[in-house]
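No lab work stands behind these numbers, since they all come straight from the coordinates. Values in this document were obtained by computation on a predicted structure and should not be read as measured data. All Cβ positions, even for glycine, are placed from backbone atoms using ideal geometry, and neighbour counts span all protein chains on display.
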Amino acid sequence: MSSFSYLSTYPPTRCGLATFTQALATALVGPDDARARIVRAMDHDDAPAIAALGTRSAIVGELHRGDPASGRDAARTLSASDAVIVQHEYGIYGGRDGEEILPVLAALTAPSIVVLHTVLPAPTAHQRIVLEKVAQLAGAVVVMTETARCLLAEHYTVDAAKVSVIPHGVADWISVPAASVPTAAHPDRRGLLTWGLIGPGKGIEWGIRAMAVLARTEPELHYLVVGQTHPKVVEREGEAYRESLQRLIVELGLEERVTLDGRYLDAHQLGEHVAAAEIVLLPYDTREQVTSGVLAEAVAAGKDVVATTFPHSSELLANGVGALVEHEDPAGIARAVRAILHRSAPVDHRGALSTDVSWPAVAAQYRDLARGIRVERSA
């Protein structure tokens, strides 16, 4: 039995790292274990945490930007467990490029696993320094794709023996049947779906423009975009991006063909929409995303995926699971979608993932890794 503490954003914060940590922490708590202990990385506008979020997790501390005392408290609280799992992305910790995480890692007395959600192929000099120091202070480093491991080896000075590839886990809602969800209230239409927190960089405008092309030949196709605007985007610019998408829909006359659903759906609701969709579209503008939870979940759900060529999609879709298209290319998106809609027979992609990526299987890999670094420290 091992007890784990976690340093990350965490619900009620709505972001990918918060969702990831909640799922991992839940999966790592065994029937005889104590609750997962969460130290929540806070931003200035984050809602206050509640002490307990359920039977398997409890928020036991907070890390505040620009507050060295909270960093010392966080390290002390985290070190009370057998192992600490730290989520890393440049933007969630204070200081230049999130450098305030460094004294926290240095002060930990329990072995640590740092999960790298972003590995840039062309970092600034300071971004490289921060990431290399993070890896140096960690007992082990986890990336979620082979692409990320290769980027670390090629562009950073990191001990390769510390680095493990553990895939992004997927939720059990991927098997939800589509019985109760017509596509955006149009049961006679075929569904194209994008989901997740949205904002500039998600490329949804290119999916909308692709629908204008597809409207000429695919009258039964409907495009549903599900998700709230990312809280950081709302903080900076309100709902300007979503409003620009709605204006584009009207401008192109696609009011009956494209729906923006701005709700933050629970797992069951989202699972129903994924099950009902025929194709998942990821028209992201990013060229640097080494990990996409949405992509992993779409592939695990057996869905055809059309995605732009960011690093994770290039790795995961290389074996024909879906279609890769160029960035900012609505005509290319339309061609890929049309080819899937008109192929001679459906294809089941459920066997496309080479390993078990359920959260229990992923958690088992983290548990083994933690056991290994504890043995090394005691040797």
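For the chain, what log10 I(q)/I(0) values come out of the Debye formula at q = 0.06, 0.14 1/Å, with one point per alpha carbon and no solvent? Values, matching the q order: -0.23, -1.24.
Computed from Cα positions, the angle between helix 204-214 and the longest principal axis of the chain comes to roughly 20 degrees. For residue 202, the lysines whose Cα falls under 23 Å of its own Cα, not counting residues fewer than eight places away in the same chain, are 232, 303.
Using a/c under 1.5 as the rounded threshold, could you call segment 172-341 rounded, prolate or oblate? The axes a ≥ b ≥ c are square roots of the C-alpha gyration tensor eigenvalues, and prolate needs a/b larger than b/c, oblate otherwise. In terms of gyration-tensor shape, rounded.
Stretched out straight at 0.36 nm per residue, the stretch from residue 76 to residue 14 would grow longer than its current Cα-Cα span by 19.7 nm.
A simple packing score, the average count of other Cβ atoms within 10 Å per residue, orders the peptides 260-267, 148-155 as 148-155, 260-267, with the highest score first.
Looking at the chain, send over the antiparallel percent of its DSSP beta bridges, to the nearest 5.
Numbers: 2 of 49 bridges.
Of the beta bridges lying entirely in the chain, close to 5 percent run antiparallel.
Annotation: amide H-H contacts under 5 Å for residue 203 (H modelled 1.01 Å from N, sequence separation of 5 or more, or interchain): 285. You can think of it this way: the chain between residue 133 and residue 246 has 36.3 nm of extra reach, that is 0.36 nm per residue less the Cα-Cα gap. Straight-distance candidates among the aspartates and glutamates for linking to residue 133, with alpha-carbon spacing under 17 Å and chain neighbours fewer than 8 residues away dropped: 89, 97, 99, 100, 154, 159.
Quick check: the angle from helix 330-341's long axis to the longest principal axis of the chain, C-alpha only, nearest 10 degrees? Once rounded, one gets 80 degrees.
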